[in-house]
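The block underneath contains the structure these notes are about, expressed in structure tokens.
The values are calculated or read from the model by the stated rules, or taken from the named source; none is laboratory data. Remember, predicted model here, so these are calculated numbers, not experimental data. Neighbour counts are summed over all protein chains in view; Cβ atoms, including those assigned to glycine, are modelled from backbone coordinates with ideal geometry. The area values use the complete protein model at the heavy-atom level, side chains included, leaving out ligands, DNA and RNA. Shrake-Rupley method; radii C 1.70, N 1.55, O 1.52, S 1.80 Å.
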Amino acid sequence: MNAVHDSMARQGLVRPQDGRMIAGVCAGLGRRFGLDPWIARLLFVLILFVIPGSQILIYPLLWILMPAEKPAWAPTPTTF
């Protein structure tokens with residue numbers, strides 16, 4: 001599974017930390033193809049009318065396959 005995640009990350013297909021509605025799939029697709037996340041979501045819904053039921057299969061699959069974006073910084077644990 002790491003090979004699939006690495007391949008998608010190299011292609012720019014990651015689920016961003018910001019701009020998510022549910023899982024960030026549409027936001028990630030929009031970012032990859034240079035679209036606003038709302039336009040990507042609208043296109044995703046419009047495709048539902050053309051090919052009914054396809055998103056029920058595609059969205060969860062992309063949710064699993066697209067890696068989450070790594071945060072720019074990770075908080076360091078503090079010890080007292």
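For segment 33-73, which positions are under 15 Å from ASP18 (Cα atoms) and surrounded by fewer than 13 Cβ atoms within 10 Å (Cβ to Cβ)? Within segment 33-73, ASP36, LYS70, PRO71, ALA72, TRP73 meet the criteria.
Here VAL25 clears all of (1) farther than 15 Å from HIS5 by Cβ; (2) in contact with a helix residue (DSSP H, G or I) (Cβ under 8 Å, 6 or more places away or on another chain) except the condition numbered (1).
Each row is one residue, and each column tells you yes or no for (1) in a helix (DSSP H, G or I); (2) in contact with a strand residue (DSSP E or B) (Cβ under 9 Å, 6 or more places away or on another chain).
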{"site": "ALA9", "(1), (2)": "yes, no"}
{"site": "GLY12", "(1), (2)": "no, no"}
{"site": "ASP18", "(1), (2)": "no, no"}
{"site": "ALA23", "(1), (2)": "no, yes"}
{"site": "LEU29", "(1), (2)": "yes, no"}
{"site": "LEU42", "(1), (2)": "yes, no"}
{"site": "PHE49", "(1), (2)": "yes, no"}
{"site": "GLN55", "(1), (2)": "yes, no"}
{"site": "TYR59", "(1), (2)": "yes, no"}
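Residue pairs whose Cβ atoms lie under 8 Å apart, sitting 6 or more positions apart in sequence or on different chains, and linking a residue in segment 2-19 that is within 15 Å of GLY34 (Cβ to Cβ) and modelled with pLDDT of 80 or more to a partner that is assigned to a loop (DSSP other than H, G, I, E, B) and open to solvent by less than 30 Å² (accessible area, probe 1.4 Å), are LEU13/MET66; VAL14/MET66; VAL14/PRO67; PRO16/GLY24. Can we say GLY12 is at positive phi and out of contact with any Gly (no Cβ under 6 Å at 6 or more places or on another chain)? So GLY12 fits the description; yes.
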